[in-house]
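Note sheet for the following structure.
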Amino acid sequence: MIDKLKRFGEVSENVLLSKLTTLKIGGPCKAVFYPFDVIGLIAGIQLLNNENIDYRIFGHGSNILANDEPYEGVIIKFNRSINSTYILDNEVYVEAGASLVLLSDLAMKHSLSGLEWAAGIPATIGGALYMNAGAYKQSMSDIVKEVLVLRDNKLDWISGAQCEYGYRSSIFQEHPDWIILAAKLQLKHGDSEQIKQIMARRKQQRLETQPLDAPSCGSTFRNPKDHFSWELIQKSGFRGFSIGGAQVSMKHANFIINTGHATSSDMIKLIQLIQQSVKEKYQVDLQLEVEQFNWTKKSQ
Ligand SMILES: Cc1cc2nc3c(=O)[nH]c(=O)nc-3n(C[C@H](O)[C@H](O)[C@H](O)COP(=O)(O)OP(=O)(O)OC[C@H]3O[C@@H](n4cnc5c(N)ncnc54)[C@H](O)[C@@H]3O)c2cc1C
């Protein structure tokens with residue numbers, strides 16, 4: 001199967017998911033497949049389906065808590081080839097494997113405003129569209145005009161409204177078999193110097209308030225209605241608390257960092273303890289923002 005897959009893209013075998021996630025946790029997968037192009041992707045997926053092999057698209061792996069157990073499937077990544085960007089006036093056509101950080105930089109250089117919030121979010125466009133990534137009260141949903149989706153063996157452009165965007169949610173989360181290939185974004189003409197300054201301020205804010213020197217996957221929990229997760233976690237006494245190598249950051253209590261040797265089990269135990277304590281103290285259910293990958297009921 002691997003030899004056939006190599007006809008359609010680059011393939012690396014037996015890769016640790018800890019190498020593919022910003023949290024640096026996760027066991028081995030069968031292979032990572034980097035399709036040469038969209039046709040290579042379609043052919044590769046056909047092959048995997050024929051052979052009954054599970055697969056999952058990863059972006060930058062910045063919102064994924066992978067299990068340490070082996071994953072008997074293939075991870076598909078677009079960053080090496082399906083990553084072009086084209087700018088036409090104030091519209092941006094961008095493929096799913098492009099980097100959100102680089103795109104926000106490029107938009108600034110073209111005097112286009114609307115992506116300032118994205119400076120410093122280590123995501124691909126595909127992952128950002130899937131999560132409706134956002135910050136500073138803005139998100140992808142504000143700029144998405146259309147998304148090119150591979151679903152049911154067909155390519156469809158769906159409108160921003162059809163993406164059913166909400167707070168860190170989208171229709172794509174209901175359909176994990178849909179593959180996001182590209183998007184058309186609408187930005188506004190602006191002043192590149194002003195845009196640059198806003199981006200520099202945002203980056204500085206992140207540096208001051210987030211533990212960017214340690215592996216993490218950003219905010220662990222979604223903010224519940226009328227609350228900030230970091231505040232509930234901090235007030236529950238978890239700031240700096242650790243289980244094994246998983247630690248609630250001293251800088252931002254909604255970030256759980258990997259201090260070096262965290263296992264997936266350390267992470268999940270800490271997550272569950274926080275959820276239980278916050279529930280007991282504040283009667284609030286903290287929902288995960290980070291996505292668990294390759295977990296079974298038995299493994300948690
Ligand atoms: C330091 C740090 C800071 C962060 N700050 C923020 C922030 O300010 N705001 C914010 O919203 N998030 C933030 N995050 C979280 C994370 O960056 C976002 O959730 C981001 O959108 C994930 O993108 P990704 O490319 O890494 O996706 P991944 O984590 O690789 O994947 C996430 C999900 O998207 C799916 N997916 C990815 N690409 C595709 C595709 N092409 N087609 C279909 N499905 C796909 C995956 O299968 C998976 O289900 C932060 C993370 C870190 C580590």
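The values are calculated or read from the model by the stated rules, or taken from the named source; none is laboratory data. All figures in this text were calculated on a predicted structure; none of them were measured in a lab. Glycine also receives a Cβ, built like all others from the backbone with ideal geometry; neighbour counts cover every protein chain displayed.
Which of the residues belonging to the stretch 107-119 are in a loop (DSSP other than H, G, I, E, B) and either near the ligand (Cβ under 7 Å from one of its atoms) or surrounded by fewer than 19 Cβ atoms within 10 Å (Cβ to Cβ) (or both)?
Listed by number, the residues that qualify are His110, Ser111.
How many residues are without any contact (Cβ under 8 Å) to a residue 40 or more places away in the chain and in contact with a strand residue (DSSP E or B) (Cβ under 7 Å, 6 or more places away or on another chain) when one looks only at the stretch 243-262?
6
Yes/no matrix, rows are residues, columns are (1) out of contact with any Ser or Thr (no Cβ under 8 Å at 6 or more places or on another chain); (2) closer than 21 Å to Glu291 by Cβ; (3) charged (D, E, K, R):
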{"site": "Leu100", "(1), (2), (3)": "no, yes, no"}
{"site": "Ser104", "(1), (2), (3)": "yes, no, no"}
{"site": "Lys109", "(1), (2), (3)": "no, no, yes"}
{"site": "Ser113", "(1), (2), (3)": "yes, no, no"}
{"site": "Trp157", "(1), (2), (3)": "yes, no, no"}
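From Tyr136, Tyr86, grab the single residue that is of a type in the set (Phe, Trp, Tyr), out of contact with any Asp or Glu (no Cβ under 7 Å at 6 or more places or on another chain) and either within 15 Å of the ligand (Cβ to nearest atom) or closer than 24 Å to Gln292 by Cα (or both).
Tyr136
Considering only residues that are closer than 17 Å to Ala98 by Cβ and part of a loop (DSSP other than H, G, I, E, B), which ones fall in the stretch 133-155?
Answer for the stretch 133-155, where residues must be closer than 17 Å to Ala98 by Cβ and part of a loop (DSSP other than H, G, I, E, B): Ala133, Ile143.
Just to be sure I understand the filter: pairs with C-beta atoms under 6 Å, separated by 6 or more residues or on different chains, first member in the stretch 132-144 and in contact (Cβ under 8 Å) with a residue 60 or more places away in the chain, second member crowded, with 17+ Cβ neighbours inside 10 Å. Which pairs pass?
Filtered contacts from the stretch 132-144: Ala135/Trp117; Tyr136/Trp117.
Tell me, please, whether a residue that is aromatic (Phe, Trp, Tyr), within 23 Å of the chain's Cα centre (by Cα) and assigned to a loop (DSSP other than H, G, I, E, B) can be found in the stretch 254-263.
For the stretch 254-263, residues aromatic (Phe, Trp, Tyr), within 23 Å of the chain's Cα centre (by Cα) and assigned to a loop (DSSP other than H, G, I, E, B): absent.
On the basis of being closer than 30 Å to Ile39 by Cβ, in a loop (DSSP other than H, G, I, E, B) and within 13 Å of the ligand (Cβ to nearest atom), does Pro176 make the cut?
Taking the combined requirement at face value, the residue satisfies it.
Would you mind stating whether Ile158 is within 11 Å of the ligand (Cβ to nearest atom) and either in contact with a Phe, Trp or Tyr (Cβ under 8 Å, 6 or more places away or on another chain) or outside any helix (DSSP H, G or I) (or both)?
Answer is no for this residue.
Given the criteria closer than 27 Å to Ile271 by Cβ and either in contact (Cβ under 8 Å) with a residue 12 or more places away in the chain or not assigned by TED's automatic domain parsing to the domain that holds Gln292 (or both), does Gly61 qualify?
Criteria met by Gly61.
What's the number of the only condition in (1) assigned to a loop (DSSP other than H, G, I, E, B); (2) closer than 30 Å to Lys269 by Cβ; (3) in the same structural domain as Gln162 (by TED's automatic domain parsing) that Tyr130 fails to meet?
So Tyr130 meets the others, but not (1).
Since Leu273 meets every condition but one in (1) outside any loop (DSSP other than H, G, I, E, B); (2) within 14 Å of the ligand (Cβ to nearest atom), which condition does it not meet?
(2)
Would you mind finding the one in Ser265, Ser242 that is away from the ligand (no atom under 16 Å from the Cβ), under 27 Å from Tyr55 (Cβ atoms) and of a type outside the set (A, V, I, L, M)?
Ser265
For the stretch 187-235, name all the residues that are buried (at least 16 other Cβ atoms within 10 Å of the Cβ) and part of a strand (DSSP E or B).
Hits for the stretch 187-235 are Ser219, Phe221.
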